[in-house]
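The values are calculated or read from the model by the stated rules, or taken from the named source; none is laboratory data. Note that the structure is predicted; figures quoted are calculated from it, not measured. Glycine gets a Cβ as well: all are built from the backbone with ideal geometry, and neighbour counts include every protein chain shown.
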Amino acid sequence: MDKSVTYVLEMPIKTDENYPQTLREFWGADIVSCPFKMFESVQKSAIQCGASHVGIVFNIEGTNEIEFCVDTLKEIVKRATVPLIIRGAGQKQLDEALLPRLIPCLNTEYAHIVAAAQDLNYKTIVPLVVGTSLKLVLRTPIDINLTKELNILSTDLGLRAENILIDPGMGCVGYGLDYGYSIIERIKLAAAAGDSMLDMPIIVFAGEESFKAKEAKSEDFSASWGDLDTRSISWEITTATALMCAGADTIVVWHPKTIETLRQTVGAAC
């Protein structure tokens, strides 16, 4: 764990009734209802807390929303003063239609990152960033062999190894965190032993995983569990801290308090 760890503050392109209450109250209902207002608030917080990028997850459900995403991203890029990580919907067919429309919206002024290509769609996604300055996140499901295989297949398509970020798949506290922790350790040990196909930075989406947990979004717990705000932020902080200790290079979170806490922790430890 060292000061080379970078942090990303991520926001959704749209919010609904499932958006965590803690985050809705933190940003404000009028802010989360407008992607432009939310981006400006998230970007301001990202700069204040020391995040390197603002992440945007395009959490849409169908191709009928792609035009909305394109128009929104074009406007966000105009307002951006930090690099972006744009992340698709996480569905193979939808991302194959969505990401080719989003990637051309990114300018070359900043070191933007695209997420993510997976084994089912890498043949479509990888060529979109080959020959550009963009970096690409490659996501695999907590399996070091699949991670290495996807890295090899992507470089065979022309993606430079230095433009790859590994997303080895994660869980959060109480939901498979130990598996994510151990796979990061194994990747880092293999890289240290000279495996060039695993010697890439590791990125983890701690916010996405943490706020899936019922403990981070439900009031249905006894008072001994603490209030929801404290509990949900602590869930993300604990998850992110563990993954950082395992060797993750970039930590993507949803609450700025997590970044503030992690930076203080790392600063005190180094």
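Tabulated results
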{"read-out": "Qualifying residue in the stretch 33-56 (condition: over 21 Å from Val8 (Cα atoms) and of a type in the set (Gly, Ala, Ser))", "value": "yes"}
{"read-out": "Residue check for Arg87: in contact (Cβ under 8 Å) with a residue 60 or more places away in the chain and in contact with an Asp or Glu (Cβ under 9 Å, 6 or more places away or on another chain)", "value": "yes"}
{"read-out": "Selection from the stretch 107-129 of residues that are of a type in the set (Val, Ile, Thr), without any contact (Cβ under 8 Å) to a residue 60 or more places away in the chain and under 28 Å from Arg186 (Cβ atoms)", "value": "Val114, Ile125, Val126, Val129"}
{"read-out": "Failed criterion for Lys44 (all others in (1) over 23 Å from Arg263 (Cβ atoms); (2) of a type in the set (Lys, Arg); (3) under 19 Å from the mean Cα position of the chain (by Cα) hold)", "value": "(1)"}
{"read-out": "Filter result for Gly174 (modelled with pLDDT of 90 or more and at positive phi)", "value": "no"}
{"read-out": "Members of the stretch 7-51 found to be over 27 Å from Gln264 (Cβ atoms), free of Cβ contacts under 8 Å to residues at least 40 places away in the same chain and in a helix (DSSP H, G or I), listed by number", "value": "Ala29, Asp30, Lys37"}
{"read-out": "Unique residue being closer than 20 Å to Glu209 by Cα, more than 17 Å from the chain's Cα centre (by Cα) and among the β-branched types (Val, Ile, Thr) when the list is Thr22, Thr6", "value": "Thr22"}
{"read-out": "Residue match in the stretch 80-88 (condition: charged (D, E, K, R), over 23 Å from Ile259 (Cβ atoms) and out of contact with any Leu (no Cβ under 8 Å at 6 or more places or on another chain))", "value": "no"}
